[in-house]
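Please read the structure below before turning to the comments.
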Amino acid sequence: MRRMTGFPSLRLGLPIPLLVALLSAFALAGCGAAAGDPVQGEALYRQETIGERGAPGCTTCHSLEPGEVKVGPSHAGVGARAAERVRSPEYAGEATDAAGYLRESILDPDADVVGGFDPGVMYGKYEEVLRESQVDDLVAFLLTLQSD
Ligand code: HEC
């Protein structure tokens, strides 16, 4: 009879790197780290209305064209700007990284107001009408916007 020694993974025949990758993925999901889907996020972003109560969609006020101001700032390059803003001494919110900044911008728009824009203008109830996974997806999409 064979002695059962070694890691369980070896007995399962799964390669260790795959196992490590799977475990890290579970760990990340458990920590609530941005597990969003950027493709879903872009689809949500482009909807005319969003969320349970038909809240105004992002493109009502935001453009993806560089420099095009509708009601709010253009989102061209916002992923890169988020990373800079969160490190700037003027930043007034509580996020510590780009994903956190974008999440905060959606859920608590007045925590930090983009220069040249007024507080209280961005729709302020996304926290109530969007599911957590929808916010994750939007953040994942905005993070992909890295250049103007
Ligand atoms: C009614 C208009 C309006 C709608 C709708 C709106 N926004 Fe905004 N948004 C603004 C304004 C105005 C600002 C700038 C003032 C501020 O920082 O709150 C802004 C700022 C932002 C910022 C920070 C941008 C930067 O350059 O740092 C992000 C990110 C953002 N909005 C995401 C969204 C997303 C995602 C949606 C859709 C779920 C959305 N917004 C819907 C008006 C809007």
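Applying a DSSP loop filter and a limit of 14 other Cβ atoms within 10 Å to the GluC sites (Glu not before Pro) in region 80-148 leaves Glu90, Glu94. Within the shell defined by Cβ-Cβ distances under 13 Å, the residues around Pro38 carry a net charge of -3, with Lys and Arg each +1 and Asp and Glu each -1.
With a Förster radius of 25 Å applied to the C-beta separation of Glu128 and Lys70, the computed FRET efficiency comes to 0.60. Taking Lys and Arg as +1 and Asp and Glu as -1, the other residues whose beta-carbon sits under 15 Å from that of Gly51 total -3. Residues whose amide H comes within less than 5 Å of that of Ile50, counting only those at least five positions distant or on another chain, are Ala55, Gly57 (H built at 1.01 Å from N in the peptide plane). Rounded to the nearest 20 debye, the dipole magnitude of region 36-143 is 200 debye, with +1 charges on Lys and Arg beta carbons, -1 on Asp and Glu beta carbons, and the Cα centre as origin. Full extension of the chain between Phe117 and Gln146 gives 8.3 nm of extra length, using 0.36 nm per residue less the Cα-Cα distance. Classification of region 36-143 by its C-alpha gyration tensor yields a rounded form. The axis ratio a/c (a ≥ b ≥ c) stays under 1.5.
We did not get these values from a lab; they are worked out from the coordinates using the rules stated. Only a predicted model underlies this, so the values are computations on that prediction, with no experimental measurement involved. Cβ coordinates were reconstructed from backbone atoms using ideal geometry, including for glycine residues, and neighbour counts include every protein chain displayed.
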